[in-house]
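Step one of this worksheet: look at the structure below.
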Amino acid sequence: MGKVSKLKLAVLISGGGSNLQAIIDACNAADYPAEIVLVFSNQLDAGGLERGRKAGIRAEAIPHKGYPGGREAYDAAVSTLIEESGADLVVLAGYLRLVSESFVTRWKDRLINIHPSLLPSFKGLHVHQAALDAGVKFAGCTVHYVVPEVDSGPIIAQAVVSVLPGDDAGKLAQRILKQEHRIYPQVIRWIAEGRVSVNDKGIVTVADAPQADFAEINPALEPG
Ligand code: GRF
C-alpha cells in the first residue's frame, strides 16, 4: 500500500494546550488525514509544549518578551520556524498573542484560529463573562480563517452550548471547551480532505462532508 501524504500542521499555543491535545489525539488515528510537525509557543512554560514532546512532536518556544525588533521581527522568526517544519497549515490553539499583518499575509488561507464565542459576537478576551453579562441563552465556539482584524475572518464551523442556570464563566468555559475539542479536529480533517472553500464574500462552504458532521446537537442534554 502506498503511503498517503498527510496535511502537515504547525500548532501555536500559549497555555495548557487542551485543544492541542485534542488534535494530537485525532492525529493518532491511522486514517486521520493530518499530522503535527511542530508545536510552537511564545511562552517557555506553556503546558502544551510538554504535551507535544510527550507525543514525540518537535516543540519549540521563543519568548516574545524583549524580543529584539518587536512584533514584526518576532513573527518573522516564527514564520521561519514554521517554514522549516514544512507545515501546510498553521493552527492557532490558544495562542494568546496578536499576529502581525505580514504574518497573516504570509500564511493567508493557511491560518486558522479557534475562539470561544459565537462570532461575530464577543470578540477579544473574557468572552465567557461577556456572554453571561449580555444574558445570551446560547454560547459556543468558532473556528475561522485568520485575517488581520482580530477574531474576524471566514467562519468554518461553530458549535453551540446552552447557557444554563447557575453558570459562571468557568463552568461555561468548560462546556464550550468540550465542543472546541470536537470541532477543531473536525475542521482540520475537512481542510486536509480539500473540502473547504471560501467565496469572494468570505462565506465558507464544506463540500461533501457527511451529514452527521452537521448534526444538530443540544449539548445540555448530552451525558457528561
Ligand atoms: C480556548 O478556549 C481557545 O478557544 C482560546 O484559548 C483557549 C485555549 O485553551 N483561544 P487550551 O490551551 O487549548 O486548553
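The values are calculated or read from the model by the stated rules, or taken from the named source; none is laboratory data. From a predicted model like this one, the values you see are computed outputs, not experimental measurements. Don't worry about glycine lacking a Cβ; one is built from the backbone with ideal geometry, like all the others, and counts go over all protein chains shown. Surface accessibility is based on the protein's heavy atoms, side chains included, excluding ligands, DNA and RNA. Shrake-Rupley method; radii C 1.70, N 1.55, O 1.52, S 1.80 Å.
The residues of the chain present an accessible area of 51 Å² per residue when probed at 1.4 Å with all protein chains retained.
Taking the chain as a Gaussian network of alpha-carbon nodes connected by springs under 10 Å, the highest mean-square fluctuation of the residues ALA29, ALA46, ALA192 belongs to ALA29. To put it simply, the accessible area of the chain at a 1.4 Å probe is 54 percent carbon and sulfur.
Here the label points at LYS171 and LYS137, each 7 Å from Cα along the C-beta direction, are separated by 1.8 nm in the simple model. Straight-line cross-link reach from LYS123 at under 29 Å between alpha-carbon atoms covers these lysines, not counting any fewer than eight positions away in the same chain: LYS8, LYS65, LYS108, LYS137, LYS171, LYS178, LYS201. On a C-alpha basis, how far is the centre of segment 1-69 from the centre of segment 144-179 in Å? Whole number, if you could? That distance is 21 Å. I need the shape label for segment 120-170. Rule: rounded when a/c is under 1.5, else prolate if a/b > b/c, else oblate, with a, b, c from the alpha carbon gyration tensor. The shape class here is prolate.
For the chain, what is the percent of antiparallel DSSP beta bridges, rounded to the nearest 5? Write out the running numbers ahead of the final one.
Details: 14 of 31 bridges.
In the chain, approximately 45 percent of DSSP beta bridges are antiparallel ones.
Computed from backbone phi, the HN-Hα couplings of segment 69-80 come to x, x, 4, 4, 5, 4, 5, 5, 5, 5, 4, 4 Hz, rounded to whole numbers (Karplus: 6.51 cos²θ - 1.76 cosθ + 1.60, θ = phi - 60°; Gly and Pro given as x).
Working note: 222 nm ellipticity from helices only, DSSP H runs with n ≥ 4, each -39,500 (n - 2.57), summed and divided by the residues of the chain, gives -10000 deg cm²/dmol to the nearest 500.
Residues whose amide H falls under 5 Å from that of ASP88, counting only those 5 or more places apart or on a different chain, are LYS8, LEU9, ALA10, with hydrogens built in the peptide plane. Each Lys or Arg adds one and each Asp or Glu subtracts one; over the other residues with Cβ under 13 Å from the Cβ of SER102, this totals 0.
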